[in-house]
Amino acid sequence: MKKNLNKEELLRIEEYLDSKKLVQVDLRGEVLDHIAAGIENNLEKGKPFEAAFILEKQKWSEELRGYSSIWIGLIWNGPKIMMKTCEKHIKKMYFNVLWKSAVGVIFLLLITNIFNMKNHQDVFIRLLDGFYFVVAGILLLSLFQITKTKNESTYRYLYKKNALAMVFSLILFSPSVMPSNYVLKAISSGEMYWYTFFGYFMMVFMGIEFFSLYRKHVNAVKLLRIN
């Protein structure tokens, strides 16, 4: 007969996860369920709760130990399972930024050649400049909203660590803030034209990817409330 854990025993698991600082809602529930299932399996084999709990803690010790990642910043530390999940988010973001920027540059190349707009690159610069400030504004508003939420998630963790730096980067490297002569010379030389726009696209898409972290955090919290 399957033995289910009572409230006190589940609370012991909650306290254990608290001690390991695993508070992210998109991971905590899943880990808690795995630990509870492991304990219940051992209870069925005749082991007492304490012995079964110790076995599960040993099993999860590696995943819940402190860990730092070069992808996130070596100064930041957290449970390994959480930091590894954040690594996956970051790598996916970089991949999305690279391919979207490449597509953006190819599209721009086609447009400028088909419609003979090579002498009007400044128009594209102004458009991108507008996007820079729009994205920066959205990120700031989202940062204000996400700091008000009490629930933690891997998405919130990454957003709070990086959003403000992303906003400053968008503003500092926007065409209107950078010396306009430098930008126009870089483009008119032809040699740096696509490199320059590739960099611009990367900044815009990186900002958009960070906003997607905010959206995913909101969805994770909604899912928690539904369940």
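Within region 52-89, take every residue that is among the aliphatic types (A, V, I, L, M) and in a helix (DSSP H, G or I) and give me the one that is farthest from Leu22 (Cα to Cα).
From region 52-89, those among the aliphatic types (A, V, I, L, M) are 52, 54-55, 64, 70, 72, 74-75, 81-83; that's our starting set.
Okay, now just the ones that are also in a helix (DSSP H, G or I), so 52, 54-55, 64, 81-83.
Working: Ala52: 21, Ile54: 18, Leu55: 19, Leu64: 8, Ile81: 9, Met82: 7, Met83: 10 Å.
The extreme case among them is Ala52.
Could you list, in sequence order, all residues of region 51-95 that are of a type in the set (Lys, Arg) and under 19 Å from Leu10 (Cβ atoms)? Can you show your working first?
Taking region 51-95 and keeping what is of a type in the set (Lys, Arg), we get 57, 59, 65, 80, 84, 88, 91-92.
Passing the criteria: Lys57, Lys59.
For Ile187, are the conditions met, namely being in a helix (DSSP H, G or I), modelled with pLDDT of 70 or more and not assigned by TED's automatic domain parsing to the domain that holds Arg28? Don't jump to the end; show me each part of the working.
Details: in a helix (DSSP H, G or I): yes; modelled with pLDDT of 70 or more: no; not assigned by TED's automatic domain parsing to the domain that holds Arg28: yes.
For Ile187, the condition - in a helix (DSSP H, G or I), modelled with pLDDT of 70 or more and not assigned by TED's automatic domain parsing to the domain that holds Arg28 - is not met.
If we scan region 151-165, do we find a residue that is touching a Lys or Arg at 6+ places or on another chain (Cβ under 7 Å), closer than 30 Å to Gly78 by Cα and at pLDDT 70 or above?
So far as region 151-165 goes, yes, one or more of its residues are touching a Lys or Arg at 6+ places or on another chain (Cβ under 7 Å), closer than 30 Å to Gly78 by Cα and at pLDDT 70 or above.
Could you run through region 9-23 and say how many residues are in contact with a Lys or Arg (Cβ under 8 Å, 6 or more places away or on another chain) and within 17 Å of Leu43 (Cβ to Cβ)?
Final tally of qualifying residues: 1.
Any idea which of (1) farther than 28 Å from Leu158 by Cβ; (2) in contact with a Gly (Cβ under 8 Å, 6 or more places away or on another chain) is the one Gln58 doesn't satisfy?
(2)
One residue is enough: does region 98-121 have a residue meeting the conditions surrounded by 14 or more Cβ atoms within 10 Å (Cβ to Cβ), touching a strand residue (DSSP E or B) at 6+ places or on another chain (Cβ under 9 Å) and at pLDDT 80 or above?
No, because not a single residue in region 98-121 is surrounded by 14 or more Cβ atoms within 10 Å (Cβ to Cβ), touching a strand residue (DSSP E or B) at 6+ places or on another chain (Cβ under 9 Å) and at pLDDT 80 or above.
Quick one: how many residues across region 39-48 are over 15 Å from Glu14 (Cα atoms) and assigned to a helix (DSSP H, G or I)? Before you say what the answer is, go through the steps one by one.
To start, the set of residues in region 39-48 that are over 15 Å from Glu14 (Cα atoms) comprises 40-48.
Still in the running and assigned to a helix (DSSP H, G or I): 40-44.
Adding up the residues that qualify gives 5.
When you go through Lys222, Lys216 one by one, which is the residue that is at pLDDT 70 or above, of a type in the set (Lys, Arg) and surrounded by fewer than 16 Cβ atoms within 10 Å (Cβ to Cβ)? I'd like the intermediate steps shown before the answer.
Working: Lys216 fails: surrounded by fewer than 16 Cβ atoms within 10 Å (Cβ to Cβ).
Testing whether each residue is at pLDDT 70 or above, of a type in the set (Lys, Arg) and surrounded by fewer than 16 Cβ atoms within 10 Å (Cβ to Cβ) leaves just Lys222.
How many residues are in a helix (DSSP H, G or I), touching a residue at least 40 places away in the same chain (Cβ under 8 Å) and either out of contact with any helix residue (DSSP H, G or I) (no Cβ under 8 Å at 6 or more places or on another chain) or surrounded by 22 or more Cβ atoms within 10 Å (Cβ to Cβ) (or both) if we restrict to region 146-157? Explain how you work it out, then say what you get.
The first filter runs over region 146-157 and keeps only residues in a helix (DSSP H, G or I), leaving 146-148, 154-157.
Cutting the leftovers down to touching a residue at least 40 places away in the same chain (Cβ under 8 Å) gives us 146, 154-157.
Cutting the leftovers down to either out of contact with any helix residue (DSSP H, G or I) (no Cβ under 8 Å at 6 or more places or on another chain) or surrounded by 22 or more Cβ atoms within 10 Å (Cβ to Cβ) (or both) gives us 154-157.
Within region 146-157, residues that are in a helix (DSSP H, G or I), touching a residue at least 40 places away in the same chain (Cβ under 8 Å) and either out of contact with any helix residue (DSSP H, G or I) (no Cβ under 8 Å at 6 or more places or on another chain) or surrounded by 22 or more Cβ atoms within 10 Å (Cβ to Cβ) (or both) number 4.
For region 90-98, does any single residue satisfy the condition of being in the same structural domain as Asn219 (by TED's automatic domain parsing) and assigned to a loop (DSSP other than H, G, I, E, B)? Show your work before the answer.
Step one: list which residues in region 90-98 are in the same structural domain as Asn219 (by TED's automatic domain parsing), which gives 90-98.
Among the residues that remain, those that are also assigned to a loop (DSSP other than H, G, I, E, B) are: none.
No: zero hits.
The values are calculated or read from the model by the stated rules, or taken from the named source; none is laboratory data. Quick caveat: nothing in here was measured; it's all calculated off a predicted structure. A quick note on method: Cβ atoms are made from the backbone with ideal geometry, for glycine too, and the neighbour counts reach across all protein chains shown.
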